[in-house]
Structure formats: C-alpha cells, structure tokens
Amino acid sequence: MSSYKGLTDSEVIQSRNLHGVNIITPPPQTPWWKLLLEKFEDPIIKILIVAAIIAIAIGITNGHYLEGVGIIVAILLATVMAFINEYKASKEFELLNSVNDELPVKVIRNGGVTSVPKRDVVVGDIVIVDRGDEIPSDGVLLESVSLIVNESSLTGEPSTNKTSIPTDSFKTTYSPNQVLKGTTVTDGHGIYRTTAVGDSTEIGKTARAATVEVNNPTPLTKQLQKLSEYISSAAFFIAILAFVILTVFDLINPANNYTLEQEYILAVTVIAIIILLAKYWVPSVNAILSWIKLSAKIHLPYPNNTRRQMLVLLASAILLVLLGLVIAVLLNIDIFNASVVLDSNLLSHLLSYFMVSMTLIVVAVPEGLSMSVTLSLAYSMRKMTAENNLVRKLQATETMGAATVICTDKTGTLTQNRMQVIEWDFQGDTGSNELPILVKLSLAVNSTAHIDFSHEPYTIVGNPTDGALLLWLYQNGVDYRVLRDGFTTLAQHPFSSEKKYMLTLGQSTDFVEKLLLVKGAPEKVLSMCDPQSVSSSIMEKLREFQVKALRTIAFAYSKSEVDSITDSDTPLGLTFLGVVGIADPLRDDVPTAISECHMAGIDVKMVTGDNQDTAIAIGKNAGLLASNAEHASISGPDFEKLPDDEALKVLPGIKVMYRARPTDKLRMVSLLQRLHNVVAVTGDGTNDAPALNQADVGLAMGSGTQVAKDASDIILLDDSFSSIVNATRWGRALYQNIQKFLYFQLTINLVAVAIVLTGPFTGIDLPLTVTQMLWVNLIMDTFAALALATEPPHSEVMKKKPRSPHEFILSSSIFRYLITTAVLFYLVLVGLLFYLKHNEGFSDRNLTGFFNVFVLMQFWNLFNARGLFGGVGVFSFSSNKLFIAIAIIILLGQFAIVQFGGEAFRTVPLTGKEWLIYIIATMPVLIFGYLAKKFIKI
C-alpha cells in the first residue's frame, strides 16, 4: 500500500477549488416570506381578519374602531411569533441533516493513511473502504479483495461484484471497476481513486440526497393530532353555542330596544348559521348523546363527501332565509327597511358576537401543540447531539424515554475502546525480543485497520482491536506497512460475529508457499488447528488472561496451494501460533450510569462476543452482575438451544450473554418485546442491522459500519454507554415538557371558554374582549410553547419507572390536576364577576382588573406547569434562563397592554398600588398548585 502516496495538502486545496466540495446541493427551499404568508391560510384567521375589517368600517361610523385595529394587530403578532418559532425549529433540523457529511472516511494523503470528514473528500483522493462502509464518492478501483457492493440505491442491484481490473461488461449498469457514492460495501476490501464528488457524482446528478425526514409524524404527534381533533370539534360546538347564547341574551335585553323586525332578522340569521355550520357541531352533540347512553344520533347527508355535504347545508341555510322572507311578508314584518337592517348598533353587536365565537375557536383549538412538539424535538435533538447522540429518526427521541430494557455491547460502549496488548504467548517463543515472522505477518496482513502516523499520538483508523495489534507491532519495531507491501492478498474474509474469525490468503516474499492466516476467538481457532501444534499449557494461559478481563485473540496458519477460498470453506489442520491478551478498561462512568438505569427501572443486559470469564469479569465491574453470575449469564449457543417458552422465562434474569452472535441478539430483542418491553439495542457491525431494525430504538456506534448506522435510530458518536443514559434522560424530558404544555394550555382553554359562556348570565356580554383573548392565546400558544419546550431534564426524571408506550399523554393524574386548577380559576373569576355585578359594577377599570386577574393567574400557573413533575424550583434561574426571560416578557406585555391598550383592549391604566395588589392577590396560585400536586400525586 505504500506505493500509493495520495494527494498532498496543497493538491487537496487545488482539487477542491477546481471540482468543489463533496456535498450534494439540497433542493431549493421555499423563501421565508412565502412560509410566513402560508400561516395566514388558516380559514379561521382569514375570517377573523375580514370580520375585524368590517368592525373597523362599522366602528368608524360610531367612533369605536380601535378594537378592530387591535384585533388585526393581535392576529399579526401571534401569527408572526408562531412563524418565527417554527422557522427556528426547522433550521435546527437542517443543522442535524448536515451531520452525515461529517462522518469519517479513510483516505491516503501525504503518503500515509488518515481519516477525514466525508465532505472533505476531493477528486484524486485515494479512499479505503471495508465491509459495512458507505462509499463517499465516485471512483475507479485500484485494488480489491472479494469486494461486493450493494448498489440498490442507484441501480436496484443489491449485490454487485467489483474488481480493479477494467472490463467491458453488459451484465451490470456500471463498470465492475467503478464504485459510486452512496452505495455500501457488503463484503471485502477495496482501494479506489476518486473521480467525482458532490453534485458531479451519479447520485448527485439524480439529486437523491439523504436527509432526516422532519415531516414524518411520530407516534406522539399522531396521539396529539387525535386529541387536537377532539378539542377542535368541541371548540366549534362551543363557539356556535356561545354565538347563540350571546345573541339570545342580546335579543331579550330590554336595554337594546330592538324592534320586532330586528329581532326577527337576528333569529333567522342565528338559525341559518346553525344549519350552515352543522358539520362542526353535530359530532360534538352526537358524542354527548353517546356519553349519556342515548342511541339517538343526528345524521348529516353525504358523510363521505365534504363538498356535497357543505353544498347541501348551504342550500338548506339559503332556503331557510328565503322561507323567513316569505313568512315576514305574510306576517307584515317590514324587514326590507334599510334603516332597520343596516342599523349600526345591530350590525356591531352581531359582528362582535361572531368575532367572539371565532376567537373562542382560536383560543380553544390547541394549534400550539404541534409547535410545542416540534420545538421540543428540535431542542432535545440539538442537546442530544451535543451529548454525542445523533438522532436519525424523530420517534426515537420520545421512544427512548419509555425504554425498559437496554441491550448493550461491551467493547467501546462499557469499556474505553483504548485497547492495548499487555499479555501474549506464542508457540516456540524462546523469550527473545524478536517476534517470529509468521506472527508479524498474522498481525500485519490479516487485518484491515491502519495507523495514522501524521501526528502524535498516533491514531487507529478502522477496527480498534486490529489497530491495537498494529500499534503493538510498531512498539516492537515492526512497520506493518512494509509487511503488507511484501504480501499479495489473494482472498480475504473479514471477521464476523457468526464465524468468530478472520482469514487472509496470499503470497509473502518471505515464503515460497502461499500462506493462509487465521485469527479469532481462541476456541474457534483451536478447533481448526492440528492438536499436535497446540501446547498443553495454552488452556491454562487462556484462562489466566480471561480472568483478568482481557480480550483474547488466537492466531494460526497453514501453507496452501490454492489461489482462492470461499466464505463457506472452514480451514482445518492449521498450525497454532499463539494468543494475545488485550486490555480494554471499563469506562469510569459506567457503574454510575448503570446504577442510574436501575434506579430508573431500566434493565441493562450486556451482549458480547467475548468469552465467559472476560464477560463475567466486566459484568461484575460494571455493576451488572453480583454473586449469582452463573444464573444471570448465558452463552449465545446455549440461548439458541432454548425453546421460546423456556427462553421467555429465563430472559428477565439474564444480565450477560457471552459468545453472542447477531442472531442471538435479534432473538433476544424479539423475545423481550414479546414480554411487552420497550427495547433499546446497540450495534456496530453489518450483521447487527436486523437487531437494530427490530428494536424499538436502534443505537449504532459512531465507529460502526455504515450499514449499522443506516439501520439505527440514534448514532452514539462517542460509543459510550453514558450517552445512552443521556438519550433516555432527554427522551423522558421531551415527553414531560409536552405534558407540561398540555396541562398549561388546556387549563386556559377550559377557563376562557367557561368564562365567555357564563358572562351573559352574570350581567356582562363579554367579560373578555376579542383582543384580550387573542393576547391570552399568544401567551398560551407561542410564549408557553417556547418556554416549556426548552426545559432541560430535571434531577428527578431518572428516579421514576418508565412510562407505558401506550399511555395517553394526558394521564389521569395530570387530568385531575388540570380539572382541579381550572375549576378553582373559574370559581374565582365567576365570583369576581358576580361581586362586580352586585357591588361596584362593570366599569372599564373593574373589567381591566378582571382581565388582569385572569392573565396573572395563568402567569403563575405557568410556573406550576414548569414544576409539574418536581425536580426544579419554579423560580430557578440557572436551569433555564429562557423560561425566566419569557416569563418576564409576558409580564411586561401584560403591563403594556393594560397601561397603553386603551379602547383597543378595553383597558384603563392602573396605579402602582393596584398592580401590587393584583400580583400579590394572584400569587396563592403557586401555593394551591403545590398542595394540589401533593394531594393528587402526579
């Protein structure tokens, strides 16, 4: 390989300037201003804007136009704020999409092997690919050994044999010596020179860049969408009910002095609107009838054809109006008198009630839920990436929070992946410092790893175990590159978890005969060897290494006359060379992390290919095993022999599976899921892909193959078990943050709707105006979503058992707490209305105070929502400064509206003393929230 020098640093720069970077240009994005305009496509928003414009026109005639202006301003403010939050969240996902371009690639530059990000590969680079790697660029093969590439992403061919020898072939779409960006090596080894990068590659030309799909709904999103549909249906029913109640009370109010003609017009108009909007209130009425156990139902025409249904309802409403006209003529009711119909007072009241009804829909419909989920996901994914968890699939974030079992690998996950050869025993070793040539060849040639000598400390490129052997050779004065240059590889079968060994067939300049070199698990290699070549003390030596928790690798060889060997051929009659013991210390934070999992009700199982003694030693040190190690561990072959019914019985007690194969891991995951567990599993090899796909959450190692990463939901960038625990912590926090927002939002929904419906019975048509409710909606949907979605995990989040994945997000305890809070707020506000009615009256100052009490109660309840699950002080500044900042913005916004809102918000300025009274008077909401949580036990 030393014959390949690769590009120099200056040549890399020249090539990048000439041919561009290795990034596929994403499709053109919709401009931000178009996205903003799309926010106004909501029919309710359109109706409110039109109604507000009409209100301004009517208001100009009677001098009360500012409320209409205020409505438009409030709608614009709320819509723009919602757009800003969603736009920010989408940008977070774009950043995550770009992480794939940072994945490491092995290249030869400046005469040595090094690792560079995929995006930095340039035309002319010599790239090394092995089994499981994704090919980062288009190129032409220089060398290949048993190379098979999956080109299904481009050609549909899942298995294509590749060779460095140029041939004209009509059997494949592309030449056998050509490799393509985005395809995957399924077997073998290859070295190629890059000929195209980025948009110039075949996949770039077809614009098939892989990105995270943000628009795929997660299970949680589907659950919330269903909840939103229920609430939306109820909201339309309540809005129509509110319109009817307000209109009826307006009709019977003697102070309005309506004529018979005006009352008739109002009655016909209300009935026509009820018929026209039947599609929206009938489902709620049917739900109520079903709830009270009545079999009666209202059936609408054309239930499966919305267009026809609306046409029928519109025609019915028009017929009713025409019928009303006929009846009016017959009864001599003069409804054609323009002064009667166009009375500004009548139109103003009717329009005002209509806008209140529409605003109730805006307030009641939880459109902020989807934004809360998006913000929470974006925030959690960004934080998880900072903690070395690259989330590839959105649902993994929420599912990880419900994990009940984690099946983890040992090497690099529980251990430090800093391997070092510290023990060895070779046959015929005389104690000299010079290693036998066959040992040198076995370590150097029967390997696909490399060492990056470009800077100190030297780093391993490729498999860490193979790299440790190469470093050990180097420390013994042997340069593996020289040995590889003197060896011609004829066939090579990489290590796999099923076979437990790797072999290389080739010709060395030091031997006349061809050599077959084998390394792997000692018991597997020994089974292939001639017993006479194995010393009697080797088993004792192996036991000694394994008790020290060392990873043991055995070596053997034979001289061969064949030029090839198939993957199904098992070598026999080999000569045993010896064994090495590799130390890989346990990560310092693993025992604490596993203890934290146990405290959180998560069972941790280690699945490793190591031998029994090594696995048990690591298991004990990690805190997985106690004195009952024999009963809590099982080998992969023994597990395979167990029938499913027996395996289901013993599996909960198994903590360590040693000598495990990918099929054993897959079966373990499947059986654990049959026991109703939510299973997270780690994997790094190509053969781990089935288990990663089967698991509820697949966690691929950052150092793993591209096939494993593609099958995963989350990539552990640092391969650490603590990162898995962090992912669980963030998954739980994500779910809880959405629950907090749901509690806060639905509390306001219930109270606002109830107050508007109750207002006429207390003597005031509109306790809250349209502009006031739109301000409350801005607090509830935008500010609260941003504040609660960015809450970090608290100290108590890992001290509770995992939630059920089928649990409804609005749990019974949260629902009881929500209803209790809403009832309290409602009683306080209704009591205040009755007090004003019978004592001080509904002056603008008193109604300003009522509005202030309503908002300040919700303001303090935002802090109750923050501390819904405990673990953080409601006024903690350090844990989430954004929350405190948003709370201050809400308070300042309320102050500005009260002091300067005037007619637009129906407010008058309050004195400093009045403000102090209102703030202190509403603060007991915090005490009530604390006591209610203790009583309800959330």
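Other residues whose C-beta falls under 15 angstrom from the C-beta of residue 812 contribute a net charge of +3, scoring Lys and Arg +1 and Asp and Glu -1.
Arranged by the count of other C-beta atoms within 10 angstrom, fewest first, what order do 194, 911 take?
911, 194
Packing order of peptides 110-122, 601-613, 474-486, highest average first: 601-613, 110-122, 474-486 (average count of other Cβ atoms within 10 Å over each peptide's residues). Which of the three applies to segment 782-907, rounded, prolate or oblate, going by the alpha-carbon gyration tensor with a ≥ b ≥ c and a/c under 1.5 meaning rounded? Oblate shape, in that a/c is at least 1.5 and b/c is the bigger or equal ratio. For the chain, the longest principal axis of the alpha carbon atoms and the long axis of helix 662-674 meet at an angle near 30°. Relative contact order, whole percent, for the chain stands at 13, derived from Cα pairs under 8 Å and 6 or more residues apart.
Charge tally around residue 693: other residues with Cβ under 15 Å, Lys/Arg +1 each, Asp/Glu -1 each, net 0. Simple rule: put +1 on each Lys or Arg Cβ and -1 on each Asp or Glu Cβ in segment 420-583, find the dipole, and look at 571, 547, 515; the Cα lying farthest toward the positive end is 547. Between helix 43-62 and the chain there is an angle of about 30 degrees, using the helix long axis and the longest principal axis of the Cα atoms. When +1 charges are put on Lys and Arg Cβ atoms and -1 charges on Asp and Glu Cβ atoms, the dipole computed for segment 219-365 relative to its Cα centre reaches about 940 debye.
Remark: the chain carries a charge dipole of roughly 2120 debye about the Cα centre, counting +1 on each Lys and Arg Cβ and -1 on each Asp and Glu Cβ. Measure nothing fancy, just the Cα-based angle from helix 721-762's long axis to the longest principal axis of the chain, in degrees from 0 to 90, nearest 10. Between helix and principal axis, roughly 10 degrees. Using C-alpha pairs under 8 Å with a sequence gap of at least 6, the mean separation divided by the residue count of segment 219-365 gives a relative contact order of 41 percent.
Tell me whether segment 525-591 comes out rounded, prolate or oblate; compute the Cα gyration tensor, take square roots of the eigenvalues as a ≥ b ≥ c, and use a/c under 1.5 as the rounded threshold. Cα axes put segment 525-591 in the oblate bin. Based on Cα contacts under 8 Å between residues 6+ apart, segment 546-589 shows a relative contact order of 56 percent. Here 455, 631, 794 are placed in order of increasing Cβ neighbour count within 10 Å, fewest first, which gives 455, 631, 794.
The phi-based Karplus calculation (6.51 cos²θ - 1.76 cosθ + 1.60; θ = phi - 60°) puts the 3J(HN,Hα) values of segment 236-244 at 5, 4, 5, 4, 5, 4, 5, 4, 5 Hz, whole numbers, x for Gly and Pro.
Here the gap between residue 882 and residue 307, fully extended at 0.36 nm per residue and compared with their Cα-Cα distance, gives a gain of 202.4 nm.
On full extension, the segment bounded by residue 644 and residue 77 gains 198.1 nm, given 0.36 nm per residue less the C-alpha separation. Inter-part distance, segment 232-295 to segment 550-627, computed on C-alpha centroids, equals 73 Å. Enclosing the Cα atoms of the chain in their convex hull gives a volume equal to 219 cubic angstrom per residue. Taking other C-beta atoms within 10 angstrom as a stand-in for reagent exposure, 599, 355 fall in the order 599, 355, fewest first. Working note: Karplus 6.51/-1.76/1.60 with θ = phi - 60° gives segment 631-643 the couplings 7, 9, 10, 8, 8, x, x, 5, 5, 5, 6, 6, x Hz, where Gly and Pro are set to x. In the chain, the DSSP-assigned H stretches of four residues or longer account for a calculated mean residue ellipticity at 222 nm of -16000 deg cm²/dmol, using -39500 (n - 2.57) per stretch and the full residue count as denominator. Around residue 253, what is the net charge, scoring Lys/Arg as +1 and Asp/Glu as -1 over all other residues with Cβ under 12 Å from its Cβ? Every neighbour counted, the sum reads -3. Considering only beta bridges that DSSP places wholly inside the chain, some 75 percent are antiparallel. Packing around the peptides 837-848, 14-25, taken as the average count of other Cβ atoms within 10 Å per residue, puts them in this order, highest first: 14-25, 837-848.
In segment 420-583, Rg over Rh equals 0.94, where Rg is the alpha-carbon radius of gyration and Rh the Kirkwood radius from pairwise Cα distances. I need the shape label for segment 219-365. Rule: rounded when a/c is under 1.5, else prolate if a/b > b/c, else oblate, with a, b, c from the alpha carbon gyration tensor. Prolate, since a/c reaches 1.5 and a/b exceeds b/c.
Each value in this text was obtained by applying a stated rule to the coordinates, not by laboratory testing. Keep in mind that what you see is a predicted model, and the values were worked out from it rather than measured. No Cβ is skipped: glycine too gets one built from the backbone with ideal geometry, and neighbour counts run over all protein chains shown.
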